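The values are calculated or read from the model by the stated rules, or taken from the named source; none is laboratory data. All values derive from a computational prediction rather than experimental measurement. All Cβ positions, even for glycine, are placed from backbone atoms using ideal geometry, and neighbour counts span all protein chains on display. Keep in mind that these areas ignore ligands, DNA and RNA; they rest on the heavy atoms of the full protein, side chains included. Shrake-Rupley method; radii C 1.70, N 1.55, O 1.52, S 1.80 Å.
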Amino acid sequence: MEPGSGRGAGFFSRRFAPDWSGRFRGVASSRCPKLSALISLYPAGYLAGLPIRSARGGDGGLSALGNWNLGHAPPVRSLCAGEPERELERATRALGASREQLEERVEERTAELGAANDAFMAEIVEHKQTAEALRDSHTRFQAIFENSMDAIGVSKSGVHVLVNAAYLKMFGCSRAEEVVGRSVLEFISPNQRELIRERIQLRPMGTDVPAHYETRGLRPDGSELDLEVAVSAYKLKGELHTLVILRDITERKRADEQIRKLNAELETRVTERTSQLEAINKELESFTYSVSHDLRAPLRAMQGLAAALLEDYQEKLDAAGRDYAGRIVTAAARMETLIQDLLAYSRLSRLDLELRPVDLNTILADVRTQLGVDLPDRNGTVVIEGPIPPMVGHRATLLQVMSNLVSNGLKFVSPGVTPRVRIHGEDRGPVVRLWVEDNGIGIAPEYYERIFRIFERLHGVETYPGTGIGLAIVQKGVERLGGRVGLESAEGLGSRFWVELRKANV
Ligand code: ADP
């Protein structure tokens, strides 16, 4: 019988029929619908090439389909052997369910694999980015390290492992090998070595060692340099590394030392000069005092005799004689004031002042009384705005100081102007500032300092009488009281003199 024309050929389609070699040619369908459904469960072409016996239900053919591991798939033998239809149906259903299950699992597994694949891809991207960032960071570090103006070195257990170009240059070396592999201590001045050695030993123990300090370095050629050092430590593969940044401060140190020396010299010179000046001042003051004192007797004689001439020889003198005698009296009177002022000034320098809390309100009342004689003539006013907080001072000295300031305020006014002086105190924390303000002619700022010097006057005696010693007395007096004096003024706008003294503890 020709293969494919017998029982087998009726059961399978023509294409499915076995060929001459006794094996199936292909698997597409069967005339039997159940078998056709079953066949469709197998992968296309799976049955092709299987021995014909398998289609006829021969035992040899079972293993081929059974090996495919279909779980519940029915043995082919039972199908091909023409088992009852029911069994075939059951088998088909079981196979269908099995196929669905399998497909679900395949889908699940595919999804799982897809997700795992995505995660893996993301991880790869991340790794790539990290690697790139690391490369960038390394490049940056390298650039900083190599181009740094400061010397940077890395050491491990006190031995150089890495140094930059600035480090080599600082120590006069041209190749890294001259430094790398050599002890850090070789590059430290002998008198600093013990200290640095101790720090190198203490750092790994976690002991606190200074992170910034100055030391002295030693070059291989024996020369030394001053160094400013910044140290930090880090671990690399579990090993402690020390990073140092060095700055050559030799020049700065030298300049500092020079400045310090110059300052010391200057101080000595200033002290010497001050004591010289003090001695000269003392001499001058005692000279002024004695001269002024000694001048008074002949001056009195001149003054008295000129007055006597005017009084007793008035008739015998002609007009010119009387004029001369009159001028002698005026000049002598002026000289008397000058001597008085000079004496007051030199007395101020010589006196031992005992400083204590003083009440300015009563001192100012005295000033008004002292100057009161002049007030009706001048038609001026002195207003004291109080109360003024108590200050540390010396009553007589303050009386003189305030009296001079107030009388100047009343004196230096433009013709026709009624002088008005206002005094008030200002609490400035540890000090009290006393203000003496007037409506006078004012002072241009360029004269602020000059007017406090002895004999310095901005006007002739004809315009405003005076000796030019008043403000010098003010300054000296305030100085002796441990205070300060100053003014605010502008030409034509009045003046505001101030005196600042320590506030008394109340
Ligand atoms: P004196 O009053 O005897 O001239 P001072 O030493 O007291 O001398 O003052 C020095 C100069 O400062 C005065 O000649 C005057 O030119 C100027 N001066 C002082 N006080 C005032 C004032 N309140 N207003 C304008 N000028 C003043």
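Structure above, values below:
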{"item": "Cut-off 14 Å between beta-carbons: net charge of the residues surrounding ALA116, Lys and Arg +1, Asp and Glu -1", "result": "-3"}
{"item": "Peptide ranges 191-198, 388-395 listed from the most packed, as the mean C-beta count within 10 angstrom indicates", "result": "388-395, 191-198"}
{"item": "Full-stretch length increase - ARG395, HIS293 - with 0.36 nm per residue and alpha-carbon distance subtracted", "result": "34.3 nm"}
{"item": "Highest-first arrangement of 108-117, 457-466, where packing means the average Cβ count within 10 Å", "result": "457-466, 108-117"}
{"item": "ARG450 versus ALA301: modelled label distance in nm, points set 7 Å from Cα along the beta carbon direction", "result": "3.9"}
{"item": "Packing-based order for 494-501, 275-282, using average beta carbon neighbours within 10 Å, highest first", "result": "494-501, 275-282"}
{"item": "Bins of 5 Å from zero: percent of alpha-carbon pairs in the range 266-318", "result": "5, 16, 12, 10, 10, 9, 8, 7, 6, 5, 5, 3, 2, 1"}
{"item": "Stretchable slack from ARG322 to SER286, in nm (0.36 nm times residue separation minus alpha-carbon distance)", "result": "9.2 nm"}
{"item": "FRET E, pair LYS156, LEU195, Förster distance 22 Å, beta-carbon r, rounded to 0.05", "result": "0.65"}
{"item": "Rough spin-label spacing in nm, given labels placed 7 Å along Cα→Cβ, for ALA116 and ASP352", "result": "10.6"}
{"item": "ASP312-VAL270 FRET efficiency (beta carbon distance; Förster radius 51 Å; 0.05 resolution)", "result": "0.30"}
{"item": "Sorted largest first, extent of the range 88-176 alpha carbons per principal axis (Å)", "result": "98, 25, 16"}
{"item": "FRET efficiency for LYS261 and ALA133, using Cβ-Cβ distance with R0 set to 41 Å, rounded to 0.05", "result": "0.15"}
{"item": "Accessible area of the range 302-438 belonging to carbon and sulfur atoms, whole % at 1.4 Å probe", "result": "55"}
{"item": "Label zone at HIS459, where the point sits 7 Å out along the Cα-to-Cβ direction: the range 488-505 residues whose backbone N lies under 15 Å", "result": "490-495"}
{"item": "Partner lysines for LYS253 [C-alpha distance under 16 Å; skip if fewer than 8 residues away on the same chain]", "result": "LYS261"}
{"item": "Across LYS128/LYS237; LYS128/LYS156; LYS411/LYS476, pairs whose alpha-carbon gap is larger than 26 Å", "result": "LYS128/LYS156"}
{"item": "Mean projection area, nm², convex hull over Cα of the range 446-505", "result": "4.8"}
{"item": "Within the range 146-168, backbone nitrogen closer than 12 Å to the virtual label 7 Å beyond the Cα of GLU239 toward Cβ", "result": "155-162"}
{"item": "ALA331 versus GLU126: modelled label distance in nm, points set 7 Å from Cα along the beta carbon direction", "result": "11.0"}
{"item": "Extension gain, ALA504 back to ASP427 (0.36 nm per residue minus Cα-Cα distance, nm)", "result": "26.6 nm"}
